[in-house]
1. Long-range amide H contacts for A:PHE16: which residues qualify at under 5 Å (H placed 1.01 Å from N, peptide plane, sequence gap of 5 or more or a different chain)?
2. So between A:ASP172 and A:ASP228, what do we pick up on full extension, going 0.36 nm a residue minus the alpha carbon distance?
3. Add +1 for every Lys or Arg and -1 for every Asp or Glu among the other residues with Cβ under 12 Å from the Cβ of A:ARG185, and state the total.
4. I need the trypsin sites (Lys or Arg not before Pro) found in the stretch A:179-255, filtered to DSSP loop residues with at most 13 other beta carbons within 10 Å of theirs.
5. Checking the cross-link filter: which aspartates and glutamates have an alpha carbon closer than 19 Å to that of B:LYS171, excluding same-chain neighbours under 8 positions apart?
6. Can you work out the base-10 log of I(q)/I(0) for the stretch B:110-243 at q = 0.11 1/Å, using the Debye formula on its C-alpha atoms alone?
7. Compare the Cα positions of B:LEU114, B:ASN176, B:GLY204 along the charge dipole of the stretch B:43-256 (+1 at Cβ of Lys, Arg; -1 at Cβ of Asp, Glu; about the Cα centre) and return the one farthest towards the positive end.
8. Count the net charge of all other residues whose Cβ sits under 15 Å from the Cβ of A:THR119, scoring Lys and Arg as +1 and Asp and Glu as -1.
Amino acid sequence: MTGVKAVEVRGLSKVFNAGKPNEVPALVDIDLVIEPGEFVSLIGPSGCGKSTQLRLIANLLEPTTGEVLVNGKPARTARLDQDYGMAFQQAGLFDWRSVVKNVELPLELKGWDKARRRTRALEMLELVKLPEFAEHFPWQLSGGMQQRVAIARALAAHPPLLLMDEPFGALDEMTREHMQAELLRIFGETATTVVFVTHSIPEAVYLSTRVVVMSPRPGRITDVIEVDLGPGRDVDTREADAFFKKVTEVREALRGIQPAGVEPDIVQVVDEP
Amino acid sequence: MSRSPRSVVAAVIPPLVFGVGFLLIWETAVKVFDFQPYFLPAPSAIWSAFRENTELIWEATKVSGLNAFVGLVVGTALGVLISFALARFRLLNDVMTPLSVALNAVPIFVLVALFNNMYPVTSEVPRRLMVTLVVYFIVLVNVARGLREVGATALELMHSYAASDIAILRKVRVPNAVPYLFTALRIAAPASVITAFVSEYFGGSQNGLGSRIVGNIALSNNAEAWAYVLGACLLGLSFFLVALVLERVATPGGVGARERVGA
């Protein structure tokens, strides 16, 4: 099936509360094609609709106009077929389930039998390097470990696409860098396509093969930056010149984009004494 | 979950010392100030009244206890059942919830007087009905909340798996509501006992703990009345403890043992 795109977004727009006084145009004219095996980050100030775009790809929201194809199928069909796994800012593990049972959840919903579920879930815990915590409960784990379980759960059914909404946003800097390295390793080992929402520039550059820069009010794509740091990224990558150059490039692309909620005339008043 | 013997001792000693100290002060005060028995009997007098009347108190405890138990079981079953219906049907929820909350704020046990008129004088049904009603509201309000207040992330996650409403109910809403049910039971268990006693004040057979307390006070048998109060305390406490133990056993991973919002 050569030529099938991982994600295809055509003429997409989303208006919240359409036709009501509190109507908000969240996204306009979004076109984006993601090839299988890409790691694409969506970056932009809050309110630029990057999370909305991710939810439209996931079919958790319906577009106002335009279409979304995932694996060459309409987004809704892709969701019903469980063609993607999703991870959120909150790990969202179920307190009443052990770690391994949390990972089994998507497999249960697919109707897998118990033995097969357990085998796969343990494999996934192996992948995120938490096999010894299978029988623990989520609240016994640190934030970073919980997020790793969430990633194991998202990948349990081996979906070709992984959608991540600021998954490391609530973690401290050290854990965050560690998790980024882990995610790259898993990305390399599983050949999954990733769409990753973040508002951290270094995070986007370090992880991605492509960074999509978005602006708010209404949300649209203003720039797409290729990141050719090669596949074998490690701690040294973060200190390489090429890395800093890309970080600067993304920062420049974001500059001039007005953060949501700050009106230009207010900025003027502050600037003039 | 597992507590070391030392921490158990540390948890038990302070209230034990306080309780014994309180009884000693009470006993001494009665002796020193020479309180009359009709005003306040000494703990020792209450204890001997309790010992002398153990059998009568036990009989009365069985009557009140059974009323409370029947009401607790029926009320809980009814509360759980209706809260599922509310979670399923939006309209029903919009109609029932404000009503339940409002009724829950009213001291509805006075309704037993009306129930008494519907049944023969010696019937225990009005009292059980009253307990059922009180328990029902406590369970309904809590369990409905547990079924409804599920994290947004959990729901998005389930939708991303294309999970059906039934699957969301079974795998998210019901397990989420379990701690709420046990919170409700911890409140409802002592409340059922109290309601059973109070219901006896509104007429019917003079066979339960509540009516015996009133009866003995009327006869100025103060120590006996207090002995029945002691029986009532023990009954309420045992209901509470059973609810607590059930909670520990039924919630996997000690979820119930941890602090929860609303617990």
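1. Those qualifying (amide H under 5 Å, at least 5 residues apart or on another chain) are A:VAL24, A:ALA26.
2. Difference between extended and current length: 17.5 nm.
3. 0
4. Here the trypsin sites (Lys or Arg not before Pro) that fit, given the DSSP loop and packing criteria, are A:ARG255.
5. A:ASP95, A:GLU104, A:GLU108, A:ASP113, A:GLU135, B:GLU149, B:GLU156
6. Evaluating at q = 0.11 Å⁻¹ gives log10 I(q)/I(0) of -0.55.
7. The residue sitting farthest along the positive end of the dipole is B:ASN176.
8. Taking every Cβ under 15 Å from that of A:THR119, the sum is +2.
Read-outs throughout are calculated quantities, based only on the coordinates presented, and are distinct from any laboratory measurement. Because the structure is predicted, anything quoted here is derived from the model rather than measured. Note that we place each Cβ from the backbone using ideal geometry, even for glycine, and neighbour counts take in every protein chain shown.
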